[in-house]
Amino acid sequence: MRLVARQREATNKGSTRALRRSGRIPAILYGDGVPKAVSVDAREWTHNFRNTSGSTVIDLKLDGDEHRVLVKDTQADILSGNVMHIDFYAIRAGKKLSTVIPIHLEGTPKGVIEGGILEQKTEEIEVVCLPKDIPEFFAVDVSQLEVGDSLHISDIPAPREVEIRADSHLTVVVITHAKAMVEPTSEMEEETEEEITIEDGSEDGAE
């Protein structure tokens, strides 16, 4: 995937606002010497890269040179959802890096079919590996989970070349009981009826 970037000189608030009004997104390129202030076309980003995860390698073309980069962070407007700023990180072949990989759940748990609720506690995890070994995502099969079962980081089938930087006991997914609606018991109903009877009796006596 290729994305064209432009160098930008001014980095103050006024210049970044003007840049966004012109249809471009301010960005920073890290990891390749001194951080570089750049910008990318907002329309191109929205159409082709909006759902890019931290595992996707992008060929960022800048001033005739190409940098292989990962998206380390994005900042979006709360109301519109439009991306306001992007942090790119340049990667080098043969040098390990740290990035975040999403966890995808596969299958329908037995416990959910029986009425339970699936709760995904962890949606992504940090890993360290060479750029060529970056997985697109971790696929976790949950089809055999029953109510009360759970999976943890230690259950994720990670390649030997990929080091997971997370507590092995951290819960990834759990199947819980559905919350039952609380209904009044017969004993509660009897007590209510008794209170009404007593109250009515007292009123009759007063008359």
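Quick one: which residue in Glu161, Glu146, Glu126 is within 18 Å of Lys72 (Cα to Cα) and either outside any helix (DSSP H, G or I) or modelled with pLDDT under 95 (or both)? Lay out the reasoning, then the answer.
Numbers: Glu161 fails: within 18 Å of Lys72 (Cα to Cα); Glu146 fails: within 18 Å of Lys72 (Cα to Cα).
Matching residue, one of Glu161, Glu146, Glu126: Glu126.
Pairs please, first residue from the range 136-153 and surrounded by 17 or more Cβ atoms within 10 Å (Cβ to Cβ), second anywhere and in a loop (DSSP other than H, G, I, E, B) and among the aliphatic types (A, V, I, L, M), Cβ atoms under 8 Å, 6+ apart in sequence or on different chains.
Going by the 8 Å Cβ cut-off, the qualifying pairs are Phe138/Ile156; Phe138/Ala158; Val140/Ile156; Leu151/Val142; Leu151/Leu145; His152/Leu170; Ile153/Ala166; Ile153/Leu170.
The values are calculated or read from the model by the stated rules, or taken from the named source; none is laboratory data. Quantities reported herein were computed from a predicted structural model and do not represent experimental measurements. Every residue, glycine among them, receives a Cβ derived from its backbone with ideal geometry; neighbour counts consider all protein chains shown.
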